[in-house]
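Undergrad: A single structure is presented below for examination.
The values are calculated or read from the model by the stated rules, or taken from the named source; none is laboratory data. The structure presented is a predicted model; accordingly, all values stated were derived computationally and were not measured. Glycine gets a Cβ as well: all are built from the backbone with ideal geometry, and neighbour counts include every protein chain shown. Areas reflect the complete protein model, heavy atoms only, side chains present, ligands, DNA and RNA absent. Shrake-Rupley method; radii C 1.70, N 1.55, O 1.52, S 1.80 Å.
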Amino acid sequence: MPLHVGYIQDSAQNHALCRSGFIAAGQTLRFDDACCVQESQGGYLAERDQWFFVLPVELRPAALRLRGTSQYSKLWGDIASFNARHGLPARGHLEQVLTRKRAVLTQYQSRLELLDGQLGALFFVGDRLAGVEIAPDPVYFAEVWMALVCFAYGPAAWFAETGAPEESVEAFEADSLDEVRAALQQRRRSVADEVGQWLARAAWQPGDLVEEERYLDLRLSTVVAETAGGQVVTDGSRLVYASLFAAAV
């Protein structure tokens, strides 16, 4: 199960997981430390409006700290503060962003292209590293892509863009298709260099690994550090899964 995955569902309060977990084929697993993300049921959703999400990155450090705590209302205060910081009513209702702003947030799915065979991504908000997501295989990553790009990191990007001046876009100066291709390759190299500089400035420091559970040869561990946190799955020395995020965005 992906870290901090949640589900908007019909005729019920909505919840999210505070941790990841192994579920074997055919197994049923109960997560007693899941958190409610809707302080009171605020109306019903149609079946077509049901979807998975991942908690916004600003809420993920608090959710990770609360893993293992069986109290359904434990994240309401953090959700209320999250809403208040962004000019929304200070209530423990995450759907104020995920549902009411869904049309805006889902635009990130088309603005950021998922590549064939992609296993993971670095997410930046502006020039700050916000998260690192790595999946076991491309099929898995494709399935969680929308939940990550639209709902885990989309709100932080949208809030950062609100009120910011629009960036000017410079057209390529070219007289032939070959010159356009050359200009495009130069632009890609320039962007790659710029992102490399952002990554070098990231203040993330190595943290301790706390093993949480095992399944066959797989190990699920929590990363505990001041600047970043999250969970990873390893198979011996091989990294299988990672969902890591900045302590502050």
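Undergrad: Can you name the residue in the range 147-177 that is of a type in the set (Val, Ile, Thr) and closer than 30 Å to residue 247 by Cα and, of all such residues, is modelled with the highest pLDDT?
TA: For the range 147-177, the residue satisfying everything is 149.
Undergrad: Report, ordered by the first and then the second residue, all pairs with beta carbons closer than 6 Å, sequence separation of six or more or different chains, a first member in the range 222-245 that is of a type in the set (Asp, Glu), and a second member that is open to solvent by 30 Å² or more (accessible area, probe 1.4 Å).
TA: Going by the 6 Å Cβ cut-off, the qualifying pairs are 235/217; 235/218.
Undergrad: Out of the residues in the range 69-98 meeting the condition of being small (Gly, Ala, Ser) and at pLDDT 90 or above, tell me which one is nearest to residue 30 (Cα to Cα).
TA: 70
Undergrad: Follow-up. Looking at 144, 180, 233, 249 in this structure, which one is buried (at least 17 other Cβ atoms within 10 Å of the Cβ) and at pLDDT below 90?
TA: 249
Undergrad: Take the range 116-141 and flag every residue that is open to solvent by 20 Å² or more (accessible area, probe 1.4 Å) and of a type in the set (Asp, Glu).
TA: Across the range 116-141, the qualifying residues are 116, 127, 137.
Undergrad: I would also like to ask the following. For the range 215-230, how many residues are among the hydroxyl-bearing types (Ser, Thr, Tyr) and either at positive phi or at pLDDT 95 or above (or both)?
TA: 2
Undergrad: Restricting attention to the range 203-214, and to residues there that are in contact with a Leu (Cβ under 9 Å, 6 or more places away or on another chain) and part of a loop (DSSP other than H, G, I, E, B), which single residue is modelled with the lowest pLDDT?
TA: 203
Undergrad: Please specify each residue of the range 75-88 satisfying the condition of being part of a loop (DSSP other than H, G, I, E, B) and surrounded by fewer than 19 Cβ atoms within 10 Å (Cβ to Cβ).
TA: Selection gives 86, 87, 88.
Undergrad: Return yes or no: is residue 114 at pLDDT below 95 and under 15 Å from residue 8 (Cβ atoms)?
TA: Judged against the criteria, residue 114 is not a match.
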